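Laboratory data are not the source of any read-out in this text; all were calculated from the coordinates shown. What you are looking at is a predicted structure, and each value in this text was computed from that prediction instead of being measured. All Cβ positions, even for glycine, are placed from backbone atoms using ideal geometry, and neighbour counts span all protein chains on display.
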Amino acid sequence: MSTFGAVVTAIGAVFLFLGSLGVFRFPDVYNRLQAGTKCTTLGAFLTVIGVGIMEPEWFPKALLIALFILLTNPVSSHALGRAGKKSGVPMWRGSVVDRSADFKAFLLAIMLVAAICVTIFKDLMNAVIASALVSLVASIVFYFLQAPDVAMAEASIGAGLTTGIFIFAIRRTVRQEDEESS
Amino acid sequence: MRRALSLIVLLVLAVGLASALRGPSVGAEARRASLIDDDEVNFGRRYNSRAVEETGASNVVASVLVTYRGLDTLGEVTVLFVAATGLAALLHTGRRRRSEREATPASLIVFTGCRFLFPLILLFGAYIFAHGHLTPGGGFQGGAIIASGFLLIYLGCRGRQPESKRLSAVESLAGLAFVLIGLIGLAVGGSFLLNFLPEGSPYALLSAGIIPVVYVFIGFKVGSELGGIVGDLSGAR
Amino acid sequence: MSFLAGYVQYIGSFGLVLIGLYIVLVKTNLIKVILGINLIDTGVNLFLVSVGYIRMGTAPIFSQAEAAGREMVDPVPQALVLTAIVIGVSVVALALSVAIRLYEHYGTLNLCKIRELKW
């Protein structure tokens, strides 16, 4: 049992070391608070529990101490962070919260898949519908790039009128792509 | 053989393009750090900061299109006109072979629905180009919506088509009016497409000088032109 | 994915241009080739608008509600792209009318069979 407790204490010490390394190296207050809270809470928790495992009659007291640390450390870090934000401590200039990047990546993936569908569909009507989908997704991406005029123009012209003139042209010529495409 | 060659070319292009993208190295994001450079004019920032008091339009893109870069818009209207003329010339010469599969006339429900929707679409397009200097929109977007109204007519109401001569007349007159406004600006102030009407107060409908007037004419021109293109391609004219 | 936040749209626009270029180089049906030209147009327009984009910027329109809060994105590429979209559709329309006349003359739209256009 005592080796298991020693291992747990050692892991807790490693986390405490990583937390202090983070507090030393991170560039601004808010990042340092992250390191200071998460790593040190977990490190202290594991250290105390490890000691409790090594000496079993101390275990209830150790558990109480660990729970107390778990309750108070995050709350105090939250208060510190909030105080820093309210008193105007500036963020590191590299930290940008751009949550739309994931959604933009998703839209662009749809656009590229639709563009690949344009090349592989043999029926030209299907290829034209896929091209209309490309234009539609492109107009949504234009909106996310803060260009509403361009989004309107691309949606009406690219997705509407271009599809219409392609369908008229297909109606007057061929419908299927030939099988022999070298 | 051709496919392999093309894939190699595309691979080389892709590698070249990817190596150019080490972080934002082009465009407005890269230049954001250097705020005011005295030796380098940043047109975007200049137009953003001075558009409202110089032209009176709230939509900066509208003032860029009509006032600051008005000659480019005139060139674009010319390109559109040349394309429409070339298309009409290509599709109307040759054998006058009416298509064998004479289309069955549309059913009454489709016909009535399209006929009901068409003026509403025209009204919506007119709203967009009339408010082009205040909200997102403008002459080209409004014209495209009007042209999609014409597309609806060519698809849904096969018996009755718009008169082709009237569309061409509207298109030519609108283009002529745009050039005339530029010439009036030349006569009044000394430079082509000068903003000679009063600026008015911002956010009002009648403001921003010649921008709403030019947008109205561009809306008419682009709408009738793209409608004519659609009609030519559908074979109805 | 947020490490790509600056330039995920560049990847999309270059991807569109490359796919369109592949269609133009490899496919033999003329209408497919014109679809590829349309894709290249869309990709280039997306690239031009992305050049003017500033992270956390806002659209270049003054409205009554907000004062000059955040920085506005560049309006010049947007005006340029508006023009380019309309020119793109007129080029595609003209190309399709040429395709229709070719079909009426040769009876096929396969580029290998149309004798003057031998790749």
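Can you tell me the FRET efficiency between A:Val7 and A:Asp123 if r is taken as the Cβ-Cβ distance and R0 is 56 Å, rounded to the nearest 0.05?
Efficiency, rounded to the nearest 0.05: 0.30.
When you count, for each residue, the other Cβ atoms within 10 Å and take the mean per peptide, how do C:45-55, A:3-13 rank with the highest first?
Taking the mean over residues of other Cβ atoms within 10 Å, the ranking is C:45-55, A:3-13.
Taking only the alpha-carbon atoms of the protein assembly as shown, what semi-axes of the equivalent ellipsoid follow from 5 times the gyration tensor eigenvalues under a square root, in whole Å, largest first?
The three semi-axes for the protein assembly as shown are 56, 32, 21 Å.
Take peptide B:169-181, look around each residue's Cβ out to 10 angstrom, count Cβ atoms belonging to other protein chains, and average those counts.
Whole-number average of other-chain Cβ neighbours for B:169-181 is 0.
I need the calculated FRET efficiency for the pair C:Glu104 and A:Asp102, taking r as the beta carbon distance and R₀ as 56 Å, to the nearest 0.05.
0.65
If you take the charge dipole of the protein assembly as shown about its Cα centre, with +1 on Lys and Arg Cβ and -1 on Asp and Glu Cβ, which of A:Phe17, A:Ser131, B:Val110 is farthest toward its positive end?
B:Val110
Evaluate peptide A:134-146: per residue, the Cβ atoms of other protein chains within 10 Å of its Cβ; return the mean as an integer.
For this peptide, the per-residue mean of nearby foreign Cβ atoms is 6.
Which whole number gives the average, over all residues in C:15-25, of C-beta atoms from other chains lying within 10 Å of the residue C-beta?
Whole-number average of other-chain Cβ neighbours for C:15-25 is 6.
Measuring from label point to label point, each 7 Å out along Cα→Cβ, what is the B:Ser172 to C:Ile87 span in nm?
Calculated label separation equals 2.6 nm.
Helix-only mean residue ellipticity at 222 nm, the protein assembly as shown, DSSP H runs n ≥ 4 weighted -39,500 (n - 2.57), per residue, nearest 500. What is it?
Taking each H run of at least 4 residues, the total per residue is -22500 deg cm²/dmol.
Which residue, B:Asn195, C:Leu35, B:Ala144, has the largest displacement toward the positive end of the dipole of the protein assembly as shown when charges sit on each Cβ (Lys, Arg +1; Asp, Glu -1)?
Positive-most Cα among the choices belongs to C:Leu35.
Based on the mean of other Cβ atoms within 10 Å per residue, sort peptides C:19-26, C:107-114 so the most packed one is first.
C:19-26, C:107-114
Students often check this: by mean Cβ neighbours within 10 Å, which of C:90-98, B:164-172, B:220-228, A:112-120 ranks highest, and how do the rest follow?
Per-residue mean Cβ counts within 10 Å order the peptides as B:220-228, C:90-98, A:112-120, B:164-172.
Kindly give Rg over Rh for chain A, based on alpha-carbon atoms, with the Kirkwood expression for the hydrodynamic radius.
1.35
Need the C-alpha centroid separation for the range A:34-64 versus the range A:108-151, integer Å.
Computed from Cα coordinates, the inter-centre distance equals 55 Å.
With the cut-off at 15 Å, report for the range A:100-172 the share of all Cα pairs above it, as a whole percent.
In whole percent, the long-distance tail amounts to 55.
Grab every C-alpha pair in the range A:2-86, bin the distances at 5 angstrom width from 0 up to the longest one, and report whole percents.
3, 17, 21, 20, 16, 11, 7, 4, 1, 0
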